[in-house]
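The values are calculated or read from the model by the stated rules, or taken from the named source; none is laboratory data. Given the structure is predicted, the values throughout are model-derived calculations rather than measurements. Don't worry about glycine lacking a Cβ; one is built from the backbone with ideal geometry, like all the others, and counts go over all protein chains shown.
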Amino acid sequence: MSCIYFIYQMIYSSINKFELISLRNPPKKIAEQRSMETLVKLTVLLFCISISLLGQETKIHSGIRNVELKMTFPSIYFKHKSTDYCLMPYSVDSCLKYIAANIKRLNSYPIWRDSSEIELLTASRILKIKADLNKFTTINKIKFQTMGNKQKISQLTINKSADQKQREYLLSLNSVLDVSGTILQKNKLKKKGHPDRPRIWCFSCWKNHRFSKSYRLHLKKKKEFESKKINI
């Protein structure tokens, strides 16, 4: 902003000098003065627009370099308005193998499309994924959730990019089977032994007085201590 202000000040001072010269001979210089002012205003406007566009391009480039606009494994991306897979930093087969290996642990299969694409294309992409997935698993009961008109990347962000390759990349981010981060972690319950959970039919539990009041108090304190450790 300081750079723009400096340029504006230079142009403004030159206009003032031009006005002083024109005052000496107003009839001849008035048309030139007006055209000069218009030219200066257009120059400043175009300069501000170019700076703004450059800032938007830089923001998109930094987003692509960072995680927010990157392709994430094991999501499968498609070319814009096509059922062909997009060029990804990992292979499609690696994604399909991962899905096949974790098919019982994945809790959702959301598939996105760009707003300029039709829902029929999403159905064709689902059929393609199912056919390719059959190479790695016999389980064919996957339910895909179509996201409809919802967008991962807004059209505003896509239209800000002036580079055609970058636009195609951003459009591909909107056309994706997004299975990253949808895996369910199975919490295995630790089976409690006789000391923590005495069995009434167990002779050893009776012998070690595990049904006594003092032992029940001991178990209570032990549970409280373990709960405090979890909270910490």
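Among the residues in region 57-74, are any at pLDDT 80 or above, closer than 22 Å to residue 141 by Cα and crowded, with 16+ Cβ neighbours inside 10 Å?
Within region 57-74, one or more residues are at pLDDT 80 or above, closer than 22 Å to residue 141 by Cα and crowded, with 16+ Cβ neighbours inside 10 Å.
Please go through (1) among the aliphatic types (A, V, I, L, M); (2) in a loop (DSSP other than H, G, I, E, B); (3) crowded, with 16+ Cβ neighbours inside 10 Å for residue 87 and return the number of the only condition it doesn't satisfy.
(3)
Could you check residue 80 against (1) within 28 Å of residue 149 (Cβ to Cβ); (2) assigned to a helix (DSSP H, G or I); (3) at pLDDT 90 or above and say which number it fails?
(2)
Between a first residue in region 216-232 that is farther than 20 Å from residue 199 by Cα and in a helix (DSSP H, G or I) and a second residue that is at pLDDT 75 or above and among the aliphatic types (A, V, I, L, M), which pairs have beta carbons less than 7 Å apart while being 6 or more apart in sequence or on different chains?
none
Kindly evaluate residue 142 against the criterion of being on the phi < 0 side of the Ramachandran plot and in a helix (DSSP H, G or I).
no
Tally up the residues in region 165-196 that are at pLDDT 65 or above, part of a loop (DSSP other than H, G, I, E, B), of a type in the set (Gly, Ala, Ser) and within 30 Å of residue 79 (Cα to Cα), please.
Total meeting the criteria: 2.
Could you say which residue among 96, 121 is touching a Pro at 6+ places or on another chain (Cβ under 9 Å) and surrounded by 15 or more Cβ atoms within 10 Å (Cβ to Cβ)?
Going through 96, 121 in turn, the sole match is 96.
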